[in-house]
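First up is the structure itself, then whatever we jot down about it.
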Amino acid sequence: MSIMEYNGSAVVAMTGKNCVAIASDMRYGIRMQTLAADMRKIFKMHDQLFVGISGLATDMQTVEQKLRFRTKLYELREERNIKPSVFANMVSSMLYERRFGPYFIEPVICGLEDKKDQKNVPFICTTDLIGAQCFTNDFLVAGTTTDQLYGVCEAMYKPDMEPEDLFETISQCLLAAVDRDCLSGWGAIVHVITPDQVITRELKSRQD
Amino acid sequence: YQRRVHGDFTSNTSTNMASRYDSRTTIFSPEGRLYQVEYAMAAISQAGAAVGILAKDGVVLAAEKRITSKLLDQRKSTEKMYKIDDHISCAVAGITSDANILINHARLEAQRYFYAYKEPIPAEQLLMRICDLKQGYTQFGGLRPFGVSFLFAGWDEHYGFQLYHSDPSGNYGGWKAKAIGANNQSANSLLKDNYDEDSSMSLDDALLLGLKVLSKSMDTTAPTPDKLEFATVTRVAGRVIYHVLTKEELESLIKKGESMLKEEAAKESGGDI
């Protein structure tokens, strides 16, 4: 069994109209045994930047702590919040620093940032375990459930959705996909990020 | 060590020629003094003043900005106050470039502690790490000490609000009110007279006291917002907030201070009659 499948996870991010959403399952398991259904895999860096991390649970925790360390120092020195695109570059270079002994994780970065002429532009990005970045405009997936998530997202996604619509779509995609993967599920959490607020909802899902 | 410097030092510089024991940090003089450390403290007493006051619901840091030119184009929000972590901030007096090194080190130490223990670093712990670094520069390496004094203001769950002062020797102390930099002797005696220990000062009282003390110790007479920096460390809804006073808040504070002074003067003259 691959080390990336030791714990199991499902993370998905989607863009909407001036909003983004990121969702994950809540299973903490070791191989086939489930140990907890309340594990957070999505972490808030600041009000307009979230990062979801899939893969080996211990590396997920360590990478989150290391990212918090670096983000905090950035904020103290520059006296402003780090932009999601800059954060994504930081994640990428941090992972590549460990090129020959990597963290076994796949992060999904999700946020809103101001560009030159537009405000609150959605931004999503994922990297592989050694920092190769992938940028898209629609949706990104990570974890053990990627095959299933690609399928449902491709079918159900449409561009420029409003926050409520986006929430429905990403929730249904996640719940449908994790039902076809024994290593993820056991609860789900969705964060919808808009310019004014972040709405976090926990979904009622099959507990298996 | 502090007592020595603040008491005897000013008379020493005017008559003292370069002593044989002052060119290296790592040797004592026959009287048991470290001249390089004392010279570092002299550098600080030329710098812009900074005052820290502990109130029962927060800490006030106030500093005098030495504006050297109207052509200056400062982008950073403050010149003398820095945030070290969410719950600890500091005011600086002395050589700014030396201060930047130590502040960066303080920030790293605070994050390293949080990374290791998932708990914010207690204020005194942070101070100890910085002071141990400063002490190293007085004992080995042959490098000069840092020409900076700090006033650290912070909150932690163990001891609540705290104010600390650290100097180039690496010594530190906890204070209820402290002034550093130019004219600190008169500022400190003013603080001693005016600091209200018994009924424990509120944040507003502390702000006014800080303004009073700074105004008296500054070279110019009338305080204006562009010459001052004020910051408060308080707790709101369980979170520690570091807030630098805006120009408007400073203006209203200065007005309040002026009207209080007028009241006091009126009372005194009324009492005489």
Open item on the list: Here's a check for you: in the stretch B:57-106, which residue that is over 24 Å from B:Ser169 (Cα atoms) and β-branched (Val, Ile, Thr) is nearest to the chain's Cα centre (by Cα)?
Closed with: B:Val60
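Is it fair to say A:Arg80 is within 14 Å of another protein chain (Cβ to nearest Cβ), open to solvent by 80 Å² or more (accessible area, probe 1.4 Å) and either among the aromatic types (Phe, Trp, Tyr) or part of a loop (DSSP other than H, G, I, E, B) (or both)? Break it down into steps so the answer makes sense when it comes.
On the way: within 14 Å of another protein chain (Cβ to nearest Cβ): yes; open to solvent by 80 Å² or more (accessible area, probe 1.4 Å): yes; either among the aromatic types (Phe, Trp, Tyr) or part of a loop (DSSP other than H, G, I, E, B) (or both): yes.
So A:Arg80 fits the description; yes.
Against the condition open to solvent by 80 Å² or more (accessible area, probe 1.4 Å), over 22 Å from A:Asp138 (Cα atoms) and either part of a helix (DSSP H, G or I) or not polar (S, T, N, Q) (or both), how does A:Glu202 come out, does it pass?
Values: open to solvent by 80 Å² or more (accessible area, probe 1.4 Å): yes; over 22 Å from A:Asp138 (Cα atoms): yes; either part of a helix (DSSP H, G or I) or not polar (S, T, N, Q) (or both): yes.
Criteria met by A:Glu202.
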Open item on the list: Please go through (1) under 17 Å from B:Val233 (Cβ atoms); (2) within 14 Å of chain A (Cβ to nearest Cβ) for B:Tyr117 and return the number of the only condition it doesn't satisfy.
Closed with: (1)
Open item on the list: Anything in the stretch B:126-143 that is assigned to a loop (DSSP other than H, G, I, E, B) and touching a Pro at 6+ places or on another chain (Cβ under 9 Å)? List them, or say none.
Closed with: none
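Each row is one residue, and each column tells you yes or no for (1) more than 21 Å from A:Glu106 (Cβ to Cβ); (2) away from every other protein chain (no Cβ under 14 Å); (3) of a type in the set (Ser, Thr, Tyr).
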| site | (1), (2), (3) |
| --- | --- |
| A:Ile30 | no, yes, no |
| A:Met39 | no, yes, no |
| A:Ile42 | no, yes, no |
| A:His46 | yes, no, no |
| A:Val51 | no, yes, no |
| A:Ser54 | no, yes, yes |
| A:Thr58 | no, yes, yes |
| A:Gln65 | no, no, no |
| A:Lys72 | yes, no, no |
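For residues that are free of Cβ contacts under 8 Å to residues at least 60 places away in the same chain, of a type outside the set (Ser, Thr, Tyr) and either closer than 23 Å to B:Lys70 by Cβ or not in a helix (DSSP H, G or I) (or both), tally how many sit in the stretch B:215-248. If you could, list the steps in order and put the result at the bottom.
Narrowing the stretch B:215-248 to residues free of Cβ contacts under 8 Å to residues at least 60 places away in the same chain: B:215-216, B:219-225, B:236-238, B:241, B:243, B:245-248.
Adding the requirement that they be of a type outside the set (Ser, Thr, Tyr) leaves B:216, B:219, B:222-223, B:225, B:236-238, B:241, B:243, B:245, B:247-248.
With either closer than 23 Å to B:Lys70 by Cβ or not in a helix (DSSP H, G or I) (or both) added as a condition, the list becomes B:219, B:222-223, B:225, B:236-238, B:241, B:243, B:245, B:247-248.
Summing the residues that are free of Cβ contacts under 8 Å to residues at least 60 places away in the same chain, of a type outside the set (Ser, Thr, Tyr) and either closer than 23 Å to B:Lys70 by Cβ or not in a helix (DSSP H, G or I) (or both) in the stretch B:215-248 gives 12.
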- [ ] Kindly indicate the residue of the stretch A:1-53 that is touching a Pro at 6+ places or on another chain (Cβ under 8 Å) and polar (S, T, N, Q) and also nearest to A:Thr169 (Cα to Cα) among those meeting that condition.
- [x] A:Thr15
Task: Hits in the stretch B:108-125 - residues which are free of Cβ contacts under 8 Å to residues at least 24 places away in the same chain and in a helix (DSSP H, G or I) - done: B:Leu108, B:Glu109, B:Arg112, B:Tyr113, B:Tyr115, B:Ala116, B:Tyr117, B:Gln125
- [ ] Could you figure out which of (1) in contact with a strand residue (DSSP E or B) (Cβ under 9 Å, 6 or more places away or on another chain); (2) not in a strand (DSSP E or B) isn't true of B:Tyr164?
- [x] (2)
Open item on the list: Take the conditions over 16 Å from A:Ala23 (Cβ atoms), among the aliphatic types (A, V, I, L, M) and free of Cβ contacts under 8 Å to residues at least 24 places away in the same chain and apply them to A:Ala132. Does it pass?
Closed with: no
- [ ] Determine whether the stretch A:105-127 contains at least one residue that is open to solvent by 40 Å² or more (accessible area, probe 1.4 Å), more than 14 Å from every other protein chain (Cβ to nearest Cβ), in contact with a helix residue (DSSP H, G or I) (Cβ under 8 Å, 6 or more places away or on another chain) and assigned to a loop (DSSP other than H, G, I, E, B).
- [x] no
TODO: Please specify each residue of the stretch B:167-195 satisfying the condition of being within 16 Å of B:Ala55 (Cβ to Cβ), in a loop (DSSP other than H, G, I, E, B) and open to solvent by less than 60 Å² (accessible area, probe 1.4 Å).
DONE: B:Tyr195
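For every residue, the table says whether it meets (1) β-branched (Val, Ile, Thr); (2) touching a helix residue (DSSP H, G or I) at 6+ places or on another chain (Cβ under 6 Å); (3) open to solvent by less than 50 Å² (accessible area, probe 1.4 Å).
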| residue | (1), (2), (3) |
| --- | --- |
| B:Tyr117 | no, no, no |
| B:Met128 | no, no, no |
| B:Leu143 | no, yes, no |
| B:Phe150 | no, no, yes |
| B:Leu163 | no, no, yes |
Open item on the list: I'd like to know if the stretch B:88-103 contains one or more residues that are open to solvent by 10 Å² or more (accessible area, probe 1.4 Å), within 14 Å of chain A (Cβ to nearest Cβ) and out of contact with any Asp or Glu (no Cβ under 6 Å at 6 or more places or on another chain).
Closed with: yes
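The values are calculated or read from the model by the stated rules, or taken from the named source; none is laboratory data. Just so you know, these numbers come straight off a predicted model, no measurement behind them. Here the Cβ is made from the backbone with ideal geometry for all residues, glycine too, and neighbour counts use every protein chain on show. Ligands, DNA and RNA are stripped out before the accessible areas are found, and what is left, the full protein with its side chains, is counted by its heavy atoms. Shrake-Rupley method; radii C 1.70, N 1.55, O 1.52, S 1.80 Å.
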